[in-house]
Amino acid sequence: MAIQWFPGHMHATRKAIKERMKQGIDVVIELIDARLPGSSANPLLASLTDGKPSLKLLNKQDLADPARTQLWLDHYNALPGTRALPLDAGNKAPAKALVAACRELAPLRGGMSKPLRILICGIPNVGKSTLINTLVGKKSAKTGDEPGITKVEQRITLDQDAYLFDTPGMLWPRISIPESGYKLAASGAVGRNALDEEEVALELLDYLRLHYAPLLQARYRLEGDIGTLKIDELLEAIGRKRGAVLGGGRVNLQKAAEILMYEFRQGVLGRISLETPEEFKAWAAAAAIADAERERLAQEKKAQRKGRSSRDSWDAVEE
């Protein structure tokens, strides 16, 4: 099952970003999840923001695999007009670093006559509201563990000549990379009504046992080679260890799935990242091929329908 989620208010967010760009923005900050930096970066943002300089903030880096975070920082910092910084809940005063990085990206802006105008964007539930609250030193933005809470634009003064404009979180209309859909769902970026939690948990577990088996074994006290188990058997074993057992000794797989995803999101399992730059590049390439094939088949069907319609018209004339 492909993961898709684009609530109506996200159309309004896209429109709001376009309108804000018309009014003048110098640098765009994109807040992304350090555990899935490629999947949580919005592919529409470059077109919406007219190619403005970009600062990528890898948030929740305290939950992510530090070695993989460095790979992503190197990847983004190698791109033209782009800088990348790690960020986590321990950053109590991030404004100075953010403003300094934005000034590097827009060196001709500054002073009261040419204030630095910064737009911050990010997918739902990536921690943007929490960051905003930290920047202003009070709870100006609503926060929560459900996506789509922020609904209105805000302006925040970062410095006497630097202003930050906030927008609600926005996913993109279609998640074309299947792996990204599952990882976004596992991270909490997708609303619960758009996913099958057991299916997402199985996809998450399949990745974790390949790349982070020792963490799974330590957390759930699993013995032996977990790679020999079928993925649903592994989820069942986790459910038994955590007491998610129904009458007759059956495991409540839905409960086991909820436990696994909650503990991943909270960092209980350990510091985990769900993709590397090379993995994401390969997934994106495969998705592009699949999209091209779907488009080819759609055009073939369209041509066939058009051909049938033309033949039917000629048959009607002959009769």
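The values are calculated or read from the model by the stated rules, or taken from the named source; none is laboratory data. Predicted model, so just to flag it, every value in this text is computed and none were measured. When we count neighbours, we look across all protein chains shown, and the Cβ atoms used for this are built from the backbone with ideal geometry, even at glycine. All accessible areas refer to the heavy atoms of the entire protein, side chains included, with ligands and DNA or RNA removed. Shrake-Rupley method; radii C 1.70, N 1.55, O 1.52, S 1.80 Å.
Things to note:
- Residues located in the range 120-136, provided they are of a type in the set (A, V, I, L, M, F, W, C), surrounded by 24 or more Cβ atoms within 10 Å (Cβ to Cβ) and in contact with a Ser or Thr (Cβ under 9 Å, 6 or more places away or on another chain): Cys121, Ile123, Val126
- Test result for Arg117, open to solvent by 30 Å² or more (accessible area, probe 1.4 Å), at pLDDT 85 or above and assigned to a strand (DSSP E or B): yes
- Qualifying residue in the range 227-236 (condition: open to solvent by less than 60 Å² (accessible area, probe 1.4 Å), more than 29 Å from Ala67 (Cα to Cα), in contact with a strand residue (DSSP E or B) (Cβ under 7 Å, 6 or more places away or on another chain) and free of Cβ contacts under 8 Å to residues at least 24 places away in the same chain): no
- Checked against (1) modelled with pLDDT of 90 or more; (2) open to solvent by 50 Å² or more (accessible area, probe 1.4 Å); (3) part of a loop (DSSP other than H, G, I, E, B), Arg174 passes all but a single condition, namely (1).
- Applying the criterion of being within 21 Å of Asn59 (Cα to Cα) and basic (Lys, Arg) to the residues of the range 255-280, the residue that is farthest from the chain's Cα centre (by Cα) is Arg271.
- Residues within the range 46-58 that are in a helix (DSSP H, G or I) and surrounded by 19 or more Cβ atoms within 10 Å (Cβ to Cβ), tallied: 1
- Sole exception among (1) at pLDDT 85 or above; (2) out of contact with any helix residue (DSSP H, G or I) (no Cβ under 9 Å at 6 or more places or on another chain); (3) not hydrophobic (A, V, I, L, M, F, W, C) for Arg155, by number: (1)
- Summed over the range 88-104, the residues that are hydrophobic (A, V, I, L, M, F, W, C) and open to solvent by less than 30 Å² (accessible area, probe 1.4 Å) give a count of 5.
- The range 259-276, residues that are in a helix (DSSP H, G or I), surrounded by 16 or more Cβ atoms within 10 Å (Cβ to Cβ) and of a type outside the set (A, V, I, L, M, F, W, C): Glu263, Arg265
- Across the range 59-87, the number of residues qualifying as out of contact with any Gly (no Cβ under 9 Å at 6 or more places or on another chain) and either surrounded by fewer than 20 Cβ atoms within 10 Å (Cβ to Cβ) or not small (Gly, Ala, Ser) (or both) comes to 18.
- Evaluated against (1) out of contact with any Ser or Thr (no Cβ under 8 Å at 6 or more places or on another chain); (2) at pLDDT 90 or above, Ser180 falls short on exactly one condition, (1).
- Any chance Glu203 is closer than 26 Å to Asp65 by Cβ and acidic (Asp, Glu): yes
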